[in-house]
Amino acid sequence: MPNRPRPPFGASVRTRARRLLAAAAACLALAVPACGTAAQSDGSALPPADGVTTVGLLLPDAVTGRWEGFDRPLIARQLKHICPECRIEYANARGNVGTQQQQVDTMITEGVDALVLTPVDFRALRSSVKQADDAGIPVLSYDRLTEGPISGFVSFDGDEVGRLQGEALLAAMDEPPGEARVVMMNGDPTDPNTAAFEEGALAVLEGEVEIAKAYDTPQWSPLNANRNMSGAIAALGPGGIDGVYAANDALASGVLAALKAQNVEPLPPLTGQDAELSAIQDIVEGEQTMTVYKPFGPETLAAAEMALALARGEPVDALAGATVDTESAKDVPAVLLNPIPVTADNIEETVVKRGMYTIEEICTPKFVSACERAGLVG
């Protein structure tokens, strides 16, 4: 497998005493009213703001369904729940680095009190983060660790995500150790999570399988994944692929479309991430092996609480259970949550019981027969 440069902070997480936010851990994935309120370092509730506290939220793209479907509305709802008088300013970069840099400039001009940022390109946003910091605006890096003088980080354990994917893929393949040929469809190289996912997966797969082909996928694009997978099939042959590591569900959809277009049968085991509805339905049908569910309720609650504390000049160490390092920031307070693997055997116990989807949303008429086989409907 060709060596590719990796972000130097990919493995820099140092857990002090890992704990989840107590309120977040108790929340259902989408339940907000039951969640706790923001806290000061002594554990008491934050006092009301004298004026209107404004938090800026900048998300990277609309290709991955979670950003607009879950993260945006949930962060806004969580913030309003713990701070009814707060205002949130939102923009989506649509995958364009220059657009996101301009959006940071706009947030600085508008004088937001804190900025929640998921970078399109973690290195390219470094100067923008510094500009915000110079303007007295603390930046909370959300889901993706960005460069620059950030004041906090909220995400899931990326290495663990990759390990869960690798373990599921290895378990689903029938070939003897060392003989299976795997295609790796990694994510966008400008996203530092990509390296963490890949490293976690390789920690499981290396020595157990042959990595026959490996690709980076700019912008997490299903179309790019489809093209890459078509090239892998042409190079390895329809019968030469025993498993596919796809870093998330969007890439898995592009991979699956290529496999079907080339009449690859049986379909090889295929991983994913983000628990998108279409991926859950593909899992029910047996066309995707697994996905990784990252409960958005606890993640967005942690982001809202940490952003509010930063906006009010409060310390966030009490909200964090870990620290992370980047090239430009050390010992950044971090909340690192635990991902959950989802297969056909535990859909009801995970994404359904935690409130992400209902059985009715999953088992539409097209999928009723598959849902019956999976035991989701009688």
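The values are calculated or read from the model by the stated rules, or taken from the named source; none is laboratory data. This one's a predicted model, so the numbers in the text were calculated from it and none came from an experiment. Counting neighbours? That spans all protein chains shown, and the Cβs are built from the backbone with ideal geometry, glycine included.
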Those residues of the stretch 180-207 which are touching a residue at least 40 places away in the same chain (Cβ under 8 Å) and assigned to a loop (DSSP other than H, G, I, E, B), in sequence order
Ala180, Asn186, Gly187, Pro189, Thr190, Asp191
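Conditions (1) surrounded by 20 or more Cβ atoms within 10 Å (Cβ to Cβ); (2) of a type in the set (Phe, Trp, Tyr); (3) in a helix (DSSP H, G or I), marked per residue:
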| position | (1), (2), (3) |
| --- | --- |
| Glu265 | no, no, no |
| Asp282 | yes, no, yes |
| Gln288 | yes, no, no |
| Gly297 | yes, no, yes |
| Leu310 | yes, no, yes |
| Pro333 | yes, no, no |
Determine if the stretch 57-76 includes at least one residue that is surrounded by fewer than 18 Cβ atoms within 10 Å (Cβ to Cβ) and at positive phi.
no
Here is a list: Glu147, Glu175, Glu179. Which entry is in contact with a Lys or Arg (Cβ under 9 Å, 6 or more places away or on another chain), within 28 Å of Ala203 (Cβ to Cβ), modelled with pLDDT under 95 and not hydrophobic (A, V, I, L, M, F, W, C)?
Glu175
Considering each residue of the stretch 111-126, count those that are under 14 Å from Leu79 (Cα atoms) and part of a loop (DSSP other than H, G, I, E, B), and give that number.
1
Are any of the residues in the stretch 225-248 at pLDDT 95 or above, in contact with a Phe, Trp or Tyr (Cβ under 6 Å, 6 or more places away or on another chain) and farther than 25 Å from Ile347 by Cβ?
yes
Verdict on Gly254 being surrounded by fewer than 18 Cβ atoms within 10 Å (Cβ to Cβ) and within 20 Å of Ala168 (Cα to Cα)
no
Quick one: in the stretch 326-365, of everything that is outside the structural domain of Phe70 (by TED's automatic domain parsing) and basic (Lys, Arg), which residue is nearest to Phe197 (Cα to Cα)?
Arg354
In the stretch 340-361, is there at least one residue being more than 22 Å from Val63 (Cα to Cα), buried (at least 24 other Cβ atoms within 10 Å of the Cβ) and in contact with a Pro (Cβ under 9 Å, 6 or more places away or on another chain)?
no
May I ask you to verify whether Leu145 is touching a strand residue (DSSP E or B) at 6+ places or on another chain (Cβ under 8 Å), of a type outside the set (Gly, Ala, Ser) and either assigned to a loop (DSSP other than H, G, I, E, B) or free of Cβ contacts under 8 Å to residues at least 60 places away in the same chain (or both)?
yes
Please tell me if Val104 is modelled with pLDDT of 95 or more, among the aliphatic types (A, V, I, L, M) and in a helix (DSSP H, G or I).
yes
Which residue pairs have Cβ atoms under 7 Å apart, sit 6 or more places apart or on different chains, and have a first residue in the stretch 298-314 that is in the same structural domain as Val55 (by TED's automatic domain parsing) and charged (D, E, K, R) and a second that is buried (at least 24 other Cβ atoms within 10 Å of the Cβ) and in a helix (DSSP H, G or I)?
Glu305/Leu319
Residue within the stretch 190-213 that is within 23 Å of Pro238 (Cβ to Cβ) and under 14 Å from the mean Cα position of the chain (by Cα) present
no
For residues that are out of contact with any strand residue (DSSP E or B) (no Cβ under 8 Å at 6 or more places or on another chain) and either crowded, with 22+ Cβ neighbours inside 10 Å or β-branched (Val, Ile, Thr) (or both), scanning just the stretch 114-130, find the one that is farthest from Arg144 (Cα to Cα).
Ser128
Note: among Pro84, Pro33, just one is over 30 Å from Glu199 (Cβ atoms) and either touching a Cys at 6+ places or on another chain (Cβ under 6 Å) or at pLDDT 95 or above (or both), namely Pro84
